[in-house]
Ligand code: AMP
Ligand code: GLY
């Protein structure tokens, strides 16, 4: 059967790679994919932007026409989910991994997410939502010390300001609500209590529909906990980014924390998804702060995390495509999840200037043989195959790979599994050192204790 992967980042390259490694899958069609999926075994790119819903639907319908073999689509990023792509594909009779637009509001609206958490008793930071800037500023005045300002809508990682003092928080409210720097996404803001602790990301498979709930089969199955490193610079300094690297399993997560995560976050979330009558078959991402009072939910994402996916999927000891089918069929509760022993580390290489204006168009050199010998894997995020340098024949030394050129801020991640964190880090960084491009930068401390703390300023 075929699998379609919608999206163009490093997460989508990892998903496509995981699907391609299944003996059940004959071909992975990436819409639009990137320079990594262009050359991945069994993968083919179709040049339609994930943002063009009607064209994506058309491409999926034509790819799957006449197939009744269990073929399915996986939607990677949040924007098409919030825009209702899963609903549209379902109307066409296409099996899809990714929630419908109503539950996708859990990520698309911070206010909707907070109200859901409060309604179902999910452990989270205290907060209040405002549509009036003066009232939001008055609320900031009622907090002592740091406070967090969150734009309600999707803002590609730019909508959250962790403010050490009131001035910064007030400036963020003015940016979002008065100057409309994020457009409609900043019309409403959530003012939230600041939580101190260490962050973890728990990705999970979700099968919830009213029919499954009636049979007692609605379920959320968490994966091994992962940790992203959001700050640009070593030692958790500098501006927030989309993620500078991930490890899995995250170190220092106690059994007690995981038990509290289940009872205080996962179970009330499942109860809520069922009570709302959602059709949610896909992935959910719990962004969690482990505080001294236990784990608290910072956010839901209605998809896999990027770059967490690039560290978590290499640890799978099961067939990813069969798990996708189990999500669709509502059988994840009985699916044989199993994880490889050891640790995965995936540092990200970024372009000079990121997360601001960054450089583009630099050719990437990758010593693929060396990386393959190490058992590591490079997942491409922001790079494309340079058509001017495309290999023409099997005699061409670049055949069949072609030269990649950078197009994004986050360019790629090198992912490696080791018997422990030290070995995983050593392998991943050796792999990253076998890659180079103009303006390449990366953090050397991914996975080290304290590299992703949220503690004071
Ligand atoms: P979010 O998109 O809500 O996950 O926020 C982005 C990042 O801001 C998180 O990964 C945290 O690092 C930080 N953050 C969000 N909410 C809080 C909070 N209440 N306290 C401390 N840090 C936070
Ligand atoms: N790594 C965080 C995210 O995917 O949003």
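The values are calculated or read from the model by the stated rules, or taken from the named source; none is laboratory data. Nothing here was measured: the structure is a model prediction, and the numbers come from that model. Cβ coordinates were reconstructed from backbone atoms using ideal geometry, including for glycine residues, and neighbour counts include every protein chain displayed.
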May I ask you to list the residues in segment 331-344 that are buried (at least 19 other Cβ atoms within 10 Å of the Cβ) and either without any contact (Cβ under 8 Å) to a residue 40 or more places away in the chain or more than 19 Å from residue 15 (Cβ to Cβ) (or both)? 343
Of all residues in segment 170-187, which are on the phi < 0 side of the Ramachandran plot and either assigned to a helix (DSSP H, G or I) or within 16 Å of ligand 2 (Cβ to nearest atom) (or both)? 170, 171, 172, 173, 174, 175, 176, 177, 178, 184, 185, 186
If a residue has to be away from ligand 2 (no atom under 16 Å from the Cβ), part of a loop (DSSP other than H, G, I, E, B) and buried (at least 16 other Cβ atoms within 10 Å of the Cβ) to count, how many in segment 188-224 make the cut? 6
Would you point out the residue of segment 225-246, among those that are more than 14 Å from ligand 1 (Cβ to nearest atom) and either part of a loop (DSSP other than H, G, I, E, B) or within 25 Å of residue 260 (Cβ to Cβ) (or both), that is modelled with the lowest pLDDT? 235
I need the full set of residues from segment 25-41 which are crowded, with 17+ Cβ neighbours inside 10 Å and more than 22 Å from residue 364 (Cα to Cα), in order please. 25, 28, 29, 31
Restricting to segment 235-256, name every residue that is under 16 Å from residue 199 (Cα atoms), surrounded by fewer than 19 Cβ atoms within 10 Å (Cβ to Cβ) and away from ligand 2 (no atom under 16 Å from the Cβ). 235, 237, 251, 252, 254, 255, 256
Test: residue 157 is outside any strand (DSSP E or B) and more than 27 Å from residue 273 (Cα to Cα): no
Among strands (runs of 3 or more DSSP E) entirely within segment 1-101, at least 3 residues that are in contact (Cβ under 8 Å) with a residue 40 or more places away in the chain and under 18 Å from residue 323 (Cβ atoms) occur in 2-7, 72-75, 95-97
Could you count how many residues in segment 130-154 are part of a loop (DSSP other than H, G, I, E, B) and closer than 18 Å to residue 194 by Cβ? 5
